[in-house]
Amino acid sequence: MIQEKFYYDNKIVKLFAYATIFWGIVGMLVGLWAATELAFPSWNLNLSWLTFGRIRPLHTNAIVFAFTGNAIFTGSYYAVQRLLKARMFSDFLSKFNFWGWQLIIVLAAITLPLGITVSKEYAELEWPIDILIAIVWVSYGWNLIGTLLKRRVQHIYVAIWFFLASFVAVAVLHIGNSIEIPVNFFKSYTVYAGVQDAVVQWWYGHNAVAFFLTTPFLGLMYYFLPKAANRPIYSYRLSIIHFWSLIFIYMWAGPHHLLYQALPDWAQTLGVVFSIMLLAPSWGGMLNGLLTLRGAWDKVRESAVLKFFVVAVTAYGMSTFEGPMLSIKTVNSFTHFTDWTIAHVHIGGMGWNGFMTFGMLYWLIPKLFNTKLHSEKSANTHFWIGTLGMLAYSVPLYWAAFTQTLMWKEFTDAGYLAYPEFLDTVTQIIPMYITRIIGGILYITGIIIMLPNLIKTIKSGYIIENEEAYAAPREKLAKKRLAGETPHRWIERKAVHFTVWVLIAIIVGGLVEIIPMITVKSNIPTIAAVKPYTPLELEGRDLYIKEGCYTCHSQSIRPFRSETERYGEYSKQGEFVYDHPFQWGSKRTGPDLARSGYRGGKMFRPAVWHYEHFKDPQGFIEGSIMPAYPWFFENDLDYSSIKRKIEVMQMLGVPYPVGYADQAEADLKKQAEGIAAELKKAGKDIAWNKQIIAMIAYLHKLGKDISLATADNKSNATDKKTETVNFTASSNPEDLKAGAEIFKSSCAACHGANGEGVVGPNLGDNFTLHGGNANNIFKVISDGAGIMTGYKSQFNQEKLGQIASYVYSLLGTNPKKGKDPEGKEIQK
Amino acid sequence: MENKKTYPKKVFEGYNEKYDQKLMIEHDYDGIRELDNPPPPWLMWLFYLTVFWALGYAAYFHFFHIGPLQAEEYKIEMAEAAKKYKKSDAGTKQIVLLTDETSLNAGAATYAKSCAACHGPEGKGGIGVNLTDNKWIYGDSPENIFKTIKNGTNKGMASFSSLSDEKLMQVTSFILQKLQPPKVTDTKDNTDSNN
């Protein structure tokens, strides 16, 4: 057979390898810094761009997209050419892929610390960068599929299946999750609202883990592990089964990030059952890797590369066992919002992705440079110190999670929260946070040991950038299935067919979950009391997003007694209909904030409290690990886009009145001046246009509306009129006195100090507008009447009863200077 | 078929050629070969088991409606707690100020943790009102103070109902006896405080 000569492009592999190492070190150092801030909050140095909320997304993005992203490209550009016996389809696309990807990373490293973010986890980058990512990612896929089409081998190998699935799925996920409407060049709002946004985000978020951190690395495993061990793949059939079941099932499991939250039960159930079904397909990958090493275990003892692979594959197996377990609702009720999640992802990230990458680099760099690894011993040291670091990182966090969740949920014998102060549950785990820093340092020490070893290896060898290779051209076979050919073997030689099947497999799960969430109304029961954000609240919300508050504070109270006792009524689907994007968060380093606008609730804090707290959290509350936000007091609120913001919200269906955008700025100013005046009364002189004012406005909006709807949860009041109450006035002097007190502060302004009537009617005569029995009075106070507002959101039933009793007692007292009678005369 | 019998051994034993089926002749990708082994049966059984479990789980909650869904589960939890714990209803019972040193110290500790941030370490006020001036917006009786702390106020004070009644009584006692000036100097005529 005639052998064709062609050249492998090794230069692109080299470039990606260098980028992997560089961004790996950067990403890990950022992570280390962020971890340090959690134990020592002053490490943000009072710099906005160094604060946890801003650099945590930088760390996750740097590790996921910069470190492992470049590792994927390194490995796939090397393996794809060799597995397909062809140079990459286009050198231009290869270069475009490389430089485009590095540009994206640099832009991320600039914009994220500046707080330019959409706040959707692992998809934080703003819309212009999103577009760039889509273009660069498609250029990779184009290059991949182009190479597939010009390949010289007949069938495509399992590693390529995984690369292909990764490309297709990530393209779909990224584009689907990033549909947003720009406000300006640096700001956009996602088209999805509240619960829908949560479902779309975690369909993306979960599958970013699946198709960016799992399937491409399985691709790497299927190439580099058998190469390094020089053993055949254990089972071709297992490859087929676990590949298809994995990519199909993964896409359904997203809702397990939202268990026991404001998500319809059917969606939660899908999340649970598909996560459980994911266990065996995931383990299929682990087993095919480990069983491939049979007969090579003696080599593992000497080879650092194989050691890295073995621990990586084992960590993969552990993570994919833990994942389904964490998706069981009972387990999840304990682990969610705790450091368990952080420990879990670091077993995956440090173990599976990190160690696969290190193993690959130790094998690949000597191959590329036609030499031997400079020091096998140093690589072994890296392995051991990295393993130790991984354990020292994750074990304390598991411990911290266990401790904290039990503290959150513990009740005393009398039925009260054992640790009502959230802070107590934080200070308890600070020692674990400190230990985890040590784990991080050890892990980074590993990669720093790797650096000189690889540099010396590179210096001792030489690279052939265009490596000569020979292969026979691909034989043309019939399009139809050949006699004796299995259906799978058939599509393995039909790349386009294969890609279409992959697309079908990955798209079903998302469609089944997302489409009903958007189209079927009953999935998100509306709550009439929930109103759109005022312009100032909206600006405050955008600051909350900018500062990355969601990285430490949830806004999602789960339906457990331990949570409703601590925070207030649990979160409902209908509360979030105007939230673009949703802000439920995934971790509670600080307390939940969903009810921080509920006056008289457990989480309400007055404006001046927030003022002091943002200024100097540690000075204000000893032991707090909240960072200080001094710039909130210096920086002016930039509300220049408020008109456009309201217009975009209207476009997305938020019911602001027609033409409201023109009025927005004036309203914003008015509300801000109100808050500034309130602060002034408390002795804090601050201009109305500082950022702190908008933050306070936003925090005071959270849960305010639903508190109007559900009133005090103890009283079971609903947004329906209070009709069922059978109230009789109390004559207990205690109650009357309490009623009088409230009357003085809440009613006297309109009804006069003695009920003589001012704006409101005279309450001391014998005339009433709405009926004079005690029950009627109670209803009017509770629900309001005419221009009078209802007070059931502000007072519980007991207090309402006290006021009603007091008002009832006023009837016929005929106070001095009484207003003229209104309504009907009654007999008391 | 001896393969099948000895299978479980194979998983744990070292490589042994006779257990493996042949290399697949056609399968050679850049030198990587593939074996034609069946997937480990226990893994397949695990998979089938999870699928059955999934069907059962969905049926249990959604087709036969046996298991409680989220909102229902919460109601059950709350009802059980209501049965188990008889929480006192603030306002319905007389509150006797505690005077023993232990209670007052406990009250001081709670005060330092939960109240001092707003009312000042010595109760002189700050964000919250001054607690040492004998002026009370919501009534000066222990009951009223107790209730104010427990239920919060419309003006901005948070509800501390997550603290036990015992703790609330301790802190009420502390405020009234340690932060307040002696009653002798009280010029207000409103003195129904029972201490």
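Across the range B:26-58, what is the number of residues that are more than 7 Å from chain A (Cβ to nearest Cβ) and either touching a residue at least 12 places away in the same chain (Cβ under 8 Å) or part of a helix (DSSP H, G or I) (or both)?
The number of residues fulfilling the criteria is 9.
Within the range A:681-703, residues that are in the same structural domain as A:Met603 (by TED's automatic domain parsing) and in contact (Cβ under 8 Å) with a residue 24 or more places away in the chain have Cβ atoms under 6 Å from residues that are aromatic (Phe, Trp, Tyr) and in a loop (DSSP other than H, G, I, E, B) in these pairs: A:Gly703/A:Tyr598, counting only partners at least 6 apart in sequence or on another chain. Looking across the range A:512-525, the residues that are hydrophobic (A, V, I, L, M, F, W, C), assigned to a helix (DSSP H, G or I) and surrounded by 12 or more Cβ atoms within 10 Å (Cβ to Cβ) come down to A:Val512, A:Ile514, A:Met517, A:Ile518.
Select from the range A:244-280 the residues that are surrounded by fewer than 24 Cβ atoms within 10 Å (Cβ to Cβ) and either farther than 30 Å from A:Phe582 by Cβ or acidic (Asp, Glu) (or both) and list them in ascending order. Matches in the range A:244-280: A:Trp244, A:Ser245, A:Asp265.
Conditions tested, residue by residue: (1) surrounded by fewer than 18 Cβ atoms within 10 Å (Cβ to Cβ); (2) of a type in the set (A, V, I, L, M); (3) away from every other protein chain (no Cβ under 14 Å).
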position: A:Glu485; (1), (2), (3): yes, no, no
position: A:Glu492; (1), (2), (3): no, no, no
position: A:Leu503; (1), (2), (3): yes, yes, yes
position: A:Ile527; (1), (2), (3): no, yes, yes
position: A:Tyr533; (1), (2), (3): no, no, yes
position: A:Leu538; (1), (2), (3): no, yes, yes
position: A:Ile545; (1), (2), (3): no, yes, yes
position: A:Gly548; (1), (2), (3): no, no, yes
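The residues listed here are A:Ile491, A:Ile515, A:Ile506; of these, the one that is within 30 Å of A:Ala198 (Cβ to Cβ), aliphatic (A, V, I, L, M) and without any contact (Cβ under 8 Å) to a residue 12 or more places away in the chain is A:Ile515.
Would you confirm, using the coordinates I've provided, whether B:Ile66 is over 23 Å from the mean Cα position of the chain (by Cα), modelled with pLDDT of 90 or more and either more than 19 Å from B:Ser161 (Cα to Cα) or among the basic types (Lys, Arg) (or both)? Yes.
Considering only the range A:414-435, I want to know if a residue exists there that is of a type in the set (Ser, Thr, Tyr), closer than 30 Å to B:Glu166 by Cα, within 24 Å of the chain's Cα centre (by Cα) and open to solvent by less than 20 Å² (accessible area, probe 1.4 Å). Yes, the range A:414-435 has at least one match.
Has the range A:223-237 got any residue that is open to solvent by less than 10 Å² (accessible area, probe 1.4 Å), under 30 Å from A:Gly295 (Cα atoms) and small (Gly, Ala, Ser)?
Yes - at least one qualifying residue is present in the range A:223-237.
Could you tell me whether any residue of the range B:137-159 is part of a loop (DSSP other than H, G, I, E, B), more than 8 Å from chain A (Cβ to nearest Cβ) and open to solvent by 50 Å² or more (accessible area, probe 1.4 Å)? Taking every residue of the range B:137-159 in turn, none turns out to be part of a loop (DSSP other than H, G, I, E, B), more than 8 Å from chain A (Cβ to nearest Cβ) and open to solvent by 50 Å² or more (accessible area, probe 1.4 Å). A:Tyr598 - would you say it is at pLDDT below 95 and either within 14 Å of chain B (Cβ to nearest Cβ) or open to solvent by 10 Å² or more (accessible area, probe 1.4 Å) (or both)? Answer is yes for this residue. When residues in the range A:288-305 are screened for being within 14 Å of chain B (Cβ to nearest Cβ) and either surrounded by fewer than 23 Cβ atoms within 10 Å (Cβ to Cβ) or outside any helix (DSSP H, G or I) (or both), 11 of them pass.
Give A:Gly574, A:Gly623 a once-over and let me know the one that is surrounded by fewer than 20 Cβ atoms within 10 Å (Cβ to Cβ), touching a Pro at 6+ places or on another chain (Cβ under 8 Å) and among the small types (Gly, Ala, Ser).
Numbers: A:Gly623 fails: touching a Pro at 6+ places or on another chain (Cβ under 8 Å).
The conditions single out A:Gly574.
If you go through the range A:29-63, how many residues are open to solvent by 20 Å² or more (accessible area, probe 1.4 Å) and aliphatic (A, V, I, L, M)? Summing the residues that are open to solvent by 20 Å² or more (accessible area, probe 1.4 Å) and aliphatic (A, V, I, L, M) in the range A:29-63 gives 8. Does A:Ala280 satisfy the criteria of being touching a helix residue (DSSP H, G or I) at 6+ places or on another chain (Cβ under 9 Å), assigned to a helix (DSSP H, G or I) and within 7 Å of another protein chain (Cβ to nearest Cβ)? Spelling it out, A:Ala280 is indeed touching a helix residue (DSSP H, G or I) at 6+ places or on another chain (Cβ under 9 Å), assigned to a helix (DSSP H, G or I) and within 7 Å of another protein chain (Cβ to nearest Cβ). Of the residues making up the range A:234-244, those that are facing another protein chain (nearest Cβ under 7 Å) and not charged (D, E, K, R) number 5.
When you look at A:Tyr611, is it under 21 Å from A:Gly548 (Cα atoms), within 13 Å of chain B (Cβ to nearest Cβ) and buried (at least 18 other Cβ atoms within 10 Å of the Cβ), yes or no? It is true that A:Tyr611 is under 21 Å from A:Gly548 (Cα atoms), within 13 Å of chain B (Cβ to nearest Cβ) and buried (at least 18 other Cβ atoms within 10 Å of the Cβ).
For the range A:750-762, taking the residues that are under 12 Å from A:Met788 (Cα atoms) and at pLDDT below 80, the one that is least open to solvent (accessible area, probe 1.4 Å) is identified as A:Gly760.
Residues considered: A:Ile347, A:Ile365, A:Ile342. Of these, the only one that is over 29 Å from A:Glu121 (Cβ atoms) and either touching a helix residue (DSSP H, G or I) at 6+ places or on another chain (Cβ under 7 Å) or open to solvent by less than 10 Å² (accessible area, probe 1.4 Å) (or both) is A:Ile365. Look at the range B:133-147: where a residue is among the aliphatic types (A, V, I, L, M) and a partner is modelled with pLDDT of 80 or more, sitting 6+ places away or on another chain with Cβ atoms under 6 Å, you get B:Ile145/B:Thr172. If the condition is being assigned to a helix (DSSP H, G or I) and closer than 15 Å to A:Lys531 by Cα, then the range A:557-594 contributes A:Gln573, A:Gly574, A:Glu575, A:Phe576. Filtered by the rule that a residue be modelled with pLDDT under 95 and within 7 Å of another protein chain (Cβ to nearest Cβ), the range A:256-267 gives A:Asp265, A:Trp266. Among what's in the range A:205-215 and is crowded, with 23+ Cβ neighbours inside 10 Å and not hydrophobic (A, V, I, L, M, F, W, C), pick the residue that is farthest from the chain's Cα centre (by Cα). Once the filter is applied, the top-ranked residue is A:Thr215. Pairs meeting the criteria (first residue in the range A:38-60 and of a type in the set (Gly, Ala, Ser), second residue not in a loop (DSSP other than H, G, I, E, B), beta carbons under 6 Å, at least 6 apart or on different chains) are A:Ala39/A:Ile430; A:Ala39/A:Tyr433; A:Ala39/A:Ile434; A:Ser48/A:Trp631; A:Gly53/A:Cys549; A:Gly53/A:Thr551.
So, in the range A:550-571, how many residues would count as being among the small types (Gly, Ala, Ser) and open to solvent by 20 Å² or more (accessible area, probe 1.4 Å)? The qualifying residues number 0. Scanning the range A:634-671 for residues that are open to solvent by 30 Å² or more (accessible area, probe 1.4 Å) and either β-branched (Val, Ile, Thr) or outside the structural domain of A:Ala697 (by TED's automatic domain parsing) (or both) yields a count of 1.
So which residues in the range B:42-59 are among the hydroxyl-bearing types (Ser, Thr, Tyr) and more than 16 Å from A:Gly271 (Cβ to Cβ), if there are any at all?
Selection gives B:Tyr48 alone.
The values are calculated or read from the model by the stated rules, or taken from the named source; none is laboratory data. Since we're looking at a predicted model, the values are computed, not measured. Reconstructed Cβ throughout: ideal geometry from the backbone, glycine too, with neighbour counts over all protein chains shown. For the accessible areas, the whole protein counts, side chains as well, though only heavy atoms, and no ligand, DNA or RNA atoms are used. Shrake-Rupley method; radii C 1.70, N 1.55, O 1.52, S 1.80 Å.
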